[in-house]
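Worksheet: the structure to be examined is printed underneath.
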Amino acid sequence: MSFWGYTPASERRAYAQQKAAQLEKSGRKLEPVHIQGNKIARSFWGKAWCEHLESFSDIYNRLERGRTYARNGSVLHLAVEPGKLDGLVSGSSLYDVRIRVDDLGPHLWQNIQEKCSGQIATMLELLQGKFSNQVMKVVTDRHTGLFPQPSQIHLKCNCPDGARMCKHLAAVLYGMGNRLDDQPELLFRLRGVDPAELFAAHLNLPQAGDAEVLPDDQLADLFGIDLLLEE
C-alpha cells in the first residue's frame, strides 16, 4: 500500500517483474538491467561512465532521481546501438525511453588514438581498463574523451513529467553504466568508433615499388659471401 504517493521498492519491483513477464509472453524480447547490491557499476568503464555524467552539476540532481529506479529493476529493457539507447522503464506505467548520442567524431577520435598510440597492447587490456594513468586520463577526459557531453545527449521519454531529465531517462543512463561492467565494448559502439584502432600497430613498411634494390656486388660485400652470377 502506498503512503502519500510513496510506493515501496518491493512493490515497484514486483510490478516491474509482472509487466516484464507479460511482455515476454507476448513475444517481445527484453534486455533488462540487473543490478546487484547498491553499487550500480563496479568496473573501470562502468564507474567512469557514471562519474562522467555526475560531473556535470546541471544534470546531477536530475540523475539522482533515477538511481533508485535503476537499482530496483525498473529498467525492463535497454538496447545499445550506434548513437542510441532505447529503453523501457516501469514506473506508475510503462514508459518508452529514447536517448540519442552524437558520434564521437573523427577529430576527437584521431586525437585519442594519437595520445594512446603504443600504450595499449591488446583488446583485453583495453576492455578490462588495464592501462596506464596517462591513457586513463585521455579516454576519460571530461571534454575530449570517449564520454559524451550533456549537449550531445538528446533525451525523450513519453512519461507525463515535463522535466528534461525525468527519472526514467536517468534510470536508463545509469543502466548503461551497469551494462558497461560486462560489455565495455558497448561504449565504443554507442560513440560510433572501433576500439581495435586504439591498439592496432601502424607499421610503416616500404611498398614494393619504393624498396631500394642493391646491386649483386654490393649484396656480396654486405653479407660477406661470394654470389654465383649467371654469365
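The values are calculated or read from the model by the stated rules, or taken from the named source; none is laboratory data. Treat the numbers as computed from the prediction; the structure is a model and nothing was measured. Because the Cβ atoms are built from the backbone with ideal geometry, glycine has one as well, and the counts that use them run over all protein chains shown. All accessible areas refer to the heavy atoms of the entire protein, side chains included, with ligands and DNA or RNA removed. Shrake-Rupley method; radii C 1.70, N 1.55, O 1.52, S 1.80 Å.
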Open item on the list: Let me confirm something: among Lys39, Lys29, which residue is open to solvent by 70 Å² or more (accessible area, probe 1.4 Å), in a loop (DSSP other than H, G, I, E, B) and within 19 Å of Pro184 (Cα to Cα)?
Closed with: Lys39
Task: Members of the range 77-96 that are buried (at least 23 other Cβ atoms within 10 Å of the Cβ) and in contact with a Ser or Thr (Cβ under 8 Å, 6 or more places away or on another chain) - done: Val89, Ser90
TODO: Of the conditions (1) acidic (Asp, Glu); (2) farther than 19 Å from Glu51 by Cβ; (3) under 14 Å from the mean Cα position of the chain (by Cα), Glu114 clears all except one; give me its number.
DONE: (3)
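Which residues, counting only those in the range 127-150, are open to solvent by less than 10 Å² (accessible area, probe 1.4 Å) and more than 14 Å from Arg191 (Cβ to Cβ)?
Going residue by residue through the range 127-150, those that are open to solvent by less than 10 Å² (accessible area, probe 1.4 Å) are 135, 139, 145-148.
Across the range 127-150, the qualifying residue is only Val135.
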TODO: Count, please, the residues in the range 43-74 that happen to be of a type in the set (Gly, Ala, Ser), more than 19 Å from the chain's Cα centre (by Cα) and not in a helix (DSSP H, G or I).
DONE: 2
